Amino acid sequence: MLHPDWDLEDFKSLKKYVKKLRPEISTFSPLTPFPNLPMYKKYEERLIYNPMEYEAWSFGKVTIKPSKMSLSRYYFELLRFVLYVNVRMNSTSYMIKRFGVGTVFRMGRGSFGVVKTYLKLMFKA
């Protein structure tokens, strides 16, 4: 979970930590406090979307207004981090050997979708 109160140094620190762990595949998403869960009340005043906008409440979208950077910059840092972890850390040849061409192709297609979505959200912000 990527916290809405992070600054650039926090993203850099997480990147260093993940680099040490060297995960083969990973998923990161912004903190999403769903209604009626403990963290919801804490961030209720900073919510970007109305709780009734169900399609907006996904694990990929930023739902809490970031406190230390603009929403657009936060999406940029989020995208940069996700691409680093899932594209740069492991070589394509290793991923094909480990998971097969079909899986790597599906992962690539999914990654392209994430890039497209985050770019759209970044420019909309």
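Just one of (1) farther than 30 Å from N90 by Cα; (2) loosely packed, with under 14 Cβ neighbours inside 10 Å; (3) in contact (Cβ under 8 Å) with a residue 40 or more places away in the chain fails for R46. It is (2). Would you check if there is a residue in segment 99-107 being farther than 17 Å from E24 by Cβ and either touching a Ser or Thr at 6+ places or on another chain (Cβ under 9 Å) or of a type in the set (S, T, Y) (or both)? Looking through segment 99-107, none of the residues is farther than 17 Å from E24 by Cβ and either touching a Ser or Thr at 6+ places or on another chain (Cβ under 9 Å) or of a type in the set (S, T, Y) (or both). Going by what's in this entry, would V115 be described as within 23 Å of L2 (Cβ to Cβ), out of contact with any Pro (no Cβ under 7 Å at 6 or more places or on another chain), in contact (Cβ under 8 Å) with a residue 12 or more places away in the chain and aliphatic (A, V, I, L, M)? For V115, the condition - within 23 Å of L2 (Cβ to Cβ), out of contact with any Pro (no Cβ under 7 Å at 6 or more places or on another chain), in contact (Cβ under 8 Å) with a residue 12 or more places away in the chain and aliphatic (A, V, I, L, M) - is met. If you go through segment 37-55 one residue at a time, do you hit one that is in a loop (DSSP other than H, G, I, E, B) and either among the basic types (K, R) or touching a Ser or Thr at 6+ places or on another chain (Cβ under 7 Å) (or both)? Among the residues of segment 37-55, at least one is in a loop (DSSP other than H, G, I, E, B) and either among the basic types (K, R) or touching a Ser or Thr at 6+ places or on another chain (Cβ under 7 Å) (or both), which makes the answer yes.
F34 meets the conditions (1) under 29 Å from V87 (Cα atoms); (2) modelled with pLDDT under 90 in every case but one. The failed one is (1). E53 meets each of the listed conditions (1) among the acidic types (D, E); (2) closer than 26 Å to S13 by Cα; (3) free of Cβ contacts under 8 Å to residues at least 24 places away in the same chain apart from (2). Evaluate segment 79-86: report whether one residue or more is within 17 Å of the chain's Cα centre (by Cα) and part of a loop (DSSP other than H, G, I, E, B). No. For segment 63-97, residues that are surrounded by fewer than 14 Cβ atoms within 10 Å (Cβ to Cβ), modelled with pLDDT of 90 or more and closer than 18 Å to R22 by Cβ total 1. Per the conditions (1) of a type outside the set (A, V, I, L, M, F, W, C); (2) under 20 Å from V114 (Cβ atoms); (3) in contact (Cβ under 8 Å) with a residue 40 or more places away in the chain, the sole criterion not satisfied by K65 is (2).
In segment 11-34, the residue that is surrounded by the most Cβ atoms within 10 Å (Cβ to Cβ) out of those that are assigned to a helix (DSSP H, G or I) and in contact with a helix residue (DSSP H, G or I) (Cβ under 9 Å, 6 or more places away or on another chain) is F11.
The values are calculated or read from the model by the stated rules, or taken from the named source; none is laboratory data. Everything quoted here is computed from the prediction, not taken from an experiment. Cβ sites come from the backbone with ideal geometry, for glycine too, and all protein chains shown count toward neighbours.
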